[in-house]
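*Asks:* Submitted below is the structure of interest, expressed as C-alpha coordinates.
The values are calculated or read from the model by the stated rules, or taken from the named source; none is laboratory data. These numbers were taken from a predicted model, which means no experiment stands behind them. Virtual Cβ from ideal backbone geometry, glycine too; neighbours counted across all protein chains shown. Calculation scope for accessible area: heavy atoms of the full protein, side chains included, ligands and nucleic acids excluded. Shrake-Rupley method; radii C 1.70, N 1.55, O 1.52, S 1.80 Å.
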Amino acid sequence: NRYMKVLAAVAVIGGSVFTTPVSAAGLKDIDSYWGKAAVQYFYDNHFVSGVNGNFRPNDPVTREGIASIINNILKSDDKVLTTDFKDMQGRWSQRAVASMVDKQIMNGYKDNTFRPTENLTREEFAVIAYNYMSYKGMTTDEKAPVYRDSAQISPWAKKAVDTVSAAGFMGGSSQNKS
(Lines give C-alpha, C1' and ligand atoms only; values in the text may rest on other atoms or scores of the structure.)
Protein backbone atom coordinates (compact mmCIF):
# COMPACT_ATOMS: atom_id res chain seq x y z
CA ASN A 1 0.00 0.00 0.00
CA ARG A 2 1.56 3.27 -1.19
CA TYR A 3 0.32 5.22 1.86
CA MET A 4 2.30 3.08 4.24
CA LYS A 5 5.57 3.44 2.36
CA VAL A 6 7.55 5.48 4.81
CA LEU A 7 4.86 7.80 5.89
CA ALA A 8 4.14 9.08 2.41
CA ALA A 9 1.09 10.83 3.72
CA VAL A 10 3.09 12.30 6.56
CA ALA A 11 4.94 14.12 3.82
CA VAL A 12 1.74 16.10 3.84
CA ILE A 13 3.58 17.61 6.85
CA GLY A 14 0.72 19.31 8.51
CA GLY A 15 -2.48 19.00 10.37
CA SER A 16 -3.65 18.09 13.81
CA VAL A 17 -2.46 14.97 15.53
CA PHE A 18 -4.26 15.11 18.84
CA THR A 19 -7.24 16.50 20.77
CA THR A 20 -10.89 15.58 20.43
CA PRO A 21 -11.63 13.43 17.38
CA VAL A 22 -14.21 14.67 14.90
CA SER A 23 -17.40 12.85 14.04
CA ALA A 24 -17.57 10.06 11.48
CA ALA A 25 -18.68 12.66 8.93
CA GLY A 26 -14.99 13.45 8.46
CA LEU A 27 -12.85 16.49 8.09
CA LYS A 28 -14.30 19.70 6.68
CA ASP A 29 -11.13 21.40 5.47
CA ILE A 30 -9.46 18.82 3.22
CA ASP A 31 -11.86 18.67 0.25
CA SER A 32 -9.66 20.84 -2.00
CA TYR A 33 -6.36 19.85 -0.40
CA TRP A 34 -3.85 18.14 -2.73
CA GLY A 35 -3.15 15.42 -0.17
CA LYS A 36 -6.80 14.66 0.63
CA ALA A 37 -6.56 10.92 -0.09
CA ALA A 38 -3.52 10.51 2.16
CA VAL A 39 -5.03 12.59 4.97
CA GLN A 40 -8.30 10.67 4.71
CA TYR A 41 -6.42 7.36 4.84
CA PHE A 42 -4.49 8.45 7.94
CA TYR A 43 -7.68 9.78 9.54
CA ASP A 44 -9.70 6.63 8.76
CA ASN A 45 -6.95 4.50 10.29
CA HIS A 46 -6.70 6.68 13.42
CA PHE A 47 -3.12 7.78 12.75
CA VAL A 48 -4.22 11.44 12.93
CA SER A 49 -7.30 13.23 14.19
CA GLY A 50 -8.90 16.60 13.77
CA VAL A 51 -9.97 19.49 15.92
CA ASN A 52 -13.61 20.54 15.76
CA GLY A 53 -14.01 18.90 12.34
CA ASN A 54 -10.85 20.42 10.88
CA PHE A 55 -7.48 18.90 10.07
CA ARG A 56 -5.64 22.16 9.25
CA PRO A 57 -3.55 20.57 6.47
CA ASN A 58 -1.37 23.61 5.87
CA ASP A 59 -0.24 23.93 9.48
CA PRO A 60 3.31 22.74 10.17
CA VAL A 61 3.77 19.56 12.17
CA THR A 62 5.80 19.61 15.36
CA ARG A 63 8.42 17.14 16.53
CA GLU A 64 6.01 15.69 19.07
CA GLY A 65 3.31 15.58 16.41
CA ILE A 66 5.34 13.41 14.05
CA ALA A 67 6.32 11.18 16.98
CA SER A 68 2.63 10.68 17.72
CA ILE A 69 1.75 9.93 14.09
CA ILE A 70 4.52 7.35 13.70
CA ASN A 71 3.67 5.81 17.05
CA ASN A 72 0.05 5.47 15.89
CA ILE A 73 1.14 3.95 12.57
CA LEU A 74 3.24 1.38 14.39
CA LYS A 75 0.36 0.76 16.81
CA SER A 76 3.07 0.92 19.41
CA ASP A 77 2.10 -0.13 22.89
CA ASP A 78 5.58 -0.03 24.34
CA LYS A 79 6.39 -0.42 27.98
CA VAL A 80 8.60 2.68 27.68
CA LEU A 81 6.48 5.39 29.28
CA THR A 82 8.89 8.22 29.96
CA THR A 83 11.96 9.95 28.64
CA ASP A 84 14.78 11.72 30.38
CA PHE A 85 14.40 14.85 28.27
CA LYS A 86 13.99 17.82 30.58
CA ASP A 87 11.29 19.36 28.35
CA MET A 88 9.09 16.26 28.01
CA GLN A 89 7.89 15.63 31.56
CA GLY A 90 4.09 15.60 31.67
CA ARG A 91 3.56 16.28 27.95
CA TRP A 92 0.71 14.56 26.11
CA SER A 93 3.24 13.07 23.68
CA GLN A 94 5.69 11.69 26.24
CA ARG A 95 4.92 8.04 25.56
CA ALA A 96 5.11 8.44 21.76
CA VAL A 97 8.40 10.31 22.01
CA ALA A 98 9.81 7.68 24.37
CA SER A 99 8.79 4.98 21.88
CA MET A 100 10.42 6.77 18.93
CA VAL A 101 13.65 7.29 20.87
CA ASP A 102 13.64 3.67 22.03
CA LYS A 103 13.21 2.49 18.42
CA GLN A 104 15.96 4.91 17.27
CA ILE A 105 13.57 6.61 14.87
CA MET A 106 13.94 9.99 16.59
CA ASN A 107 16.35 11.49 19.07
CA GLY A 108 16.84 14.57 21.17
CA TYR A 109 19.49 17.24 21.36
CA LYS A 110 22.82 17.39 23.17
CA ASP A 111 21.33 19.71 25.82
CA ASN A 112 19.01 16.88 26.96
CA THR A 113 15.93 18.41 25.30
CA PHE A 114 13.56 17.05 22.68
CA ARG A 115 12.03 20.42 21.71
CA PRO A 116 8.58 18.90 21.23
CA THR A 117 6.81 22.06 20.04
CA GLU A 118 9.37 23.00 17.40
CA ASN A 119 8.19 22.66 13.83
CA LEU A 120 9.71 19.77 11.93
CA THR A 121 12.12 20.75 9.15
CA ARG A 122 12.35 18.88 5.84
CA GLU A 123 15.83 17.68 6.78
CA GLU A 124 14.57 16.37 10.12
CA PHE A 125 11.68 14.69 8.32
CA ALA A 126 14.13 13.01 5.94
CA VAL A 127 16.20 11.67 8.85
CA ILE A 128 13.09 10.44 10.66
CA ALA A 129 11.75 8.78 7.49
CA TYR A 130 15.18 7.21 6.88
CA ASN A 131 15.27 5.91 10.46
CA TYR A 132 11.72 4.58 10.05
CA MET A 133 12.81 2.79 6.85
CA SER A 134 15.74 1.27 8.75
CA TYR A 135 13.48 0.24 11.64
CA LYS A 136 11.11 -1.49 9.20
CA GLY A 137 13.97 -3.09 7.24
CA MET A 138 13.17 -1.12 4.08
CA THR A 139 15.85 -0.36 1.49
CA THR A 140 16.07 1.08 -2.00
CA ASP A 141 18.27 0.31 -4.97
CA GLU A 142 17.28 3.49 -6.73
CA LYS A 143 19.74 6.31 -7.30
CA ALA A 144 18.97 9.61 -5.60
CA PRO A 145 17.99 12.47 -7.90
CA VAL A 146 20.50 15.27 -8.28
CA TYR A 147 19.32 18.66 -7.06
CA ARG A 148 21.00 21.93 -8.01
CA ASP A 149 20.84 23.05 -4.40
CA SER A 150 22.10 19.78 -2.91
CA ALA A 151 25.13 21.61 -1.43
CA GLN A 152 22.67 23.31 0.92
CA ILE A 153 21.62 20.02 2.52
CA SER A 154 23.19 19.72 5.97
CA PRO A 155 25.85 17.00 6.20
CA TRP A 156 23.93 15.26 9.03
CA ALA A 157 20.88 14.89 6.74
CA LYS A 158 22.53 14.18 3.35
CA LYS A 159 22.37 10.36 3.42
CA ALA A 160 18.77 10.45 4.67
CA VAL A 161 17.66 12.98 2.03
CA ASP A 162 19.32 10.95 -0.72
CA THR A 163 17.82 7.66 0.45
CA VAL A 164 14.31 8.99 1.06
CA SER A 165 14.38 10.87 -2.26
CA ALA A 166 15.63 7.77 -4.11
CA ALA A 167 12.80 5.76 -2.60
CA GLY A 168 10.34 8.34 -3.96
CA PHE A 169 9.06 9.51 -0.57
CA MET A 170 10.45 13.04 -0.77
CA GLY A 171 11.24 15.32 -3.65
CA GLY A 172 12.26 18.80 -4.53
CA SER A 173 10.66 21.20 -6.90
CA SER A 174 11.21 20.74 -10.63
CA GLN A 175 13.24 23.98 -10.65
CA ASN A 176 15.88 22.40 -8.38
CA LYS A 177 16.52 19.22 -10.32
CA SER A 178 19.66 19.19 -12.45
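*Asks:* Suppose we filter the range 135-161 for residues that are modelled with pLDDT of 90 or more and in a loop (DSSP other than H, G, I, E, B); how many remain? Can you show your working first?
*Replies:* First pass over the range 135-161, keeping only residues modelled with pLDDT of 90 or more: 135, 151-161.
Then keep just the ones that are in a loop (DSSP other than H, G, I, E, B); that gives 153-157.
Here the count works out to 5.
*Asks:* Could you check how many residues of the range 23-42 are open to solvent by less than 70 Å² (accessible area, probe 1.4 Å) and small (Gly, Ala, Ser)? Please lay out each step first, then the result.
*Replies:* Of the range 23-42, the ones open to solvent by less than 70 Å² (accessible area, probe 1.4 Å) are 26-27, 29-30, 33, 35, 37-42.
Of the ones still in play, those that are also small (Gly, Ala, Ser) are 26, 35, 37-38.
The total comes to 4.
*Asks:* While we're on this one: Could you pull out the residue among TYR132, TYR109 that is modelled with pLDDT of 90 or more, within 13 Å of the chain's Cα centre (by Cα), among the aromatic types (Phe, Trp, Tyr) and within 17 Å of ALA157 (Cβ to Cβ)?
*Replies:* Working: TYR109 fails: within 13 Å of the chain's Cα centre (by Cα).
Answer to the selection: TYR132.
*Asks:* When the residues of the range 81-101 are narrowed to those that are free of Cβ contacts under 8 Å to residues at least 24 places away in the same chain and not in a helix (DSSP H, G or I), which ends up surrounded by the most Cβ atoms within 10 Å (Cβ to Cβ)? Steps first, please.
*Replies:* Step one: filter the range 81-101 for residues free of Cβ contacts under 8 Å to residues at least 24 places away in the same chain, giving 81-82, 89-90, 94, 98, 101.
Next cut, not in a helix (DSSP H, G or I) only: 81-82, 89-90.
Values: LEU81: 9, THR82: 12, GLN89: 10, GLY90: 6.
Per the criteria, the residue is THR82.
Here's the yes/no breakdown for (1) assigned to a helix (DSSP H, G or I); (2) among the aliphatic types (A, V, I, L, M); (3) over 24 Å from GLN40 (Cβ atoms); (4) over 18 Å from the mean Cα position of the chain (by Cα):
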| position | (1), (2), (3), (4) |
| --- | --- |
| LYS75 | no, no, no, no |
| LYS79 | no, no, yes, yes |
| ILE128 | yes, yes, no, no |
| THR163 | yes, no, yes, no |
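*Asks:* Now for a separate question. Against the definition (open to solvent by 70 Å² or more (accessible area, probe 1.4 Å), among the β-branched types (Val, Ile, Thr) and closer than 21 Å to GLY65 by Cα), how does THR139 come out, yes or no?
*Replies:* It is false that THR139 is open to solvent by 70 Å² or more (accessible area, probe 1.4 Å), among the β-branched types (Val, Ile, Thr) and closer than 21 Å to GLY65 by Cα.
*Asks:* I'm trying to understand the selection: among the residues of the range 102-126, which are outside any loop (DSSP other than H, G, I, E, B), of a type in the set (A, V, I, L, M, F, W, C) and in contact (Cβ under 8 Å) with a residue 60 or more places away in the chain?
*Replies:* Result: PHE125, single match.
*Asks:* Now a separate question. Could you tell me whether ASN72 is polar (S, T, N, Q), under 21 Å from GLU118 (Cβ atoms), surrounded by fewer than 21 Cβ atoms within 10 Å (Cβ to Cβ) and in contact (Cβ under 8 Å) with a residue 24 or more places away in the chain?
*Replies:* Numbers: polar (S, T, N, Q): yes; under 21 Å from GLU118 (Cβ atoms): yes; surrounded by fewer than 21 Cβ atoms within 10 Å (Cβ to Cβ): yes; in contact (Cβ under 8 Å) with a residue 24 or more places away in the chain: yes.
In short, yes.
*Asks:* Hey, another quick one. Only one of LYS28, LYS36, LYS79 is basic (Lys, Arg) and modelled with pLDDT of 85 or more; which? Spell out how you get there, then give the answer.
*Replies:* On the way: LYS36 fails: modelled with pLDDT of 85 or more; LYS79 fails: modelled with pLDDT of 85 or more.
Answer to the check: LYS28.
*Asks:* Continuing with this model, one more query. Go through ASN52, ASN45 for me and flag whichever is open to solvent by 10 Å² or more (accessible area, probe 1.4 Å), closer than 21 Å to SER99 by Cα and over 14 Å from the mean Cα position of the chain (by Cα).
*Replies:* Values: ASN52 fails: closer than 21 Å to SER99 by Cα.
Exactly one of ASN52, ASN45 is open to solvent by 10 Å² or more (accessible area, probe 1.4 Å), closer than 21 Å to SER99 by Cα and over 14 Å from the mean Cα position of the chain (by Cα), namely ASN45.
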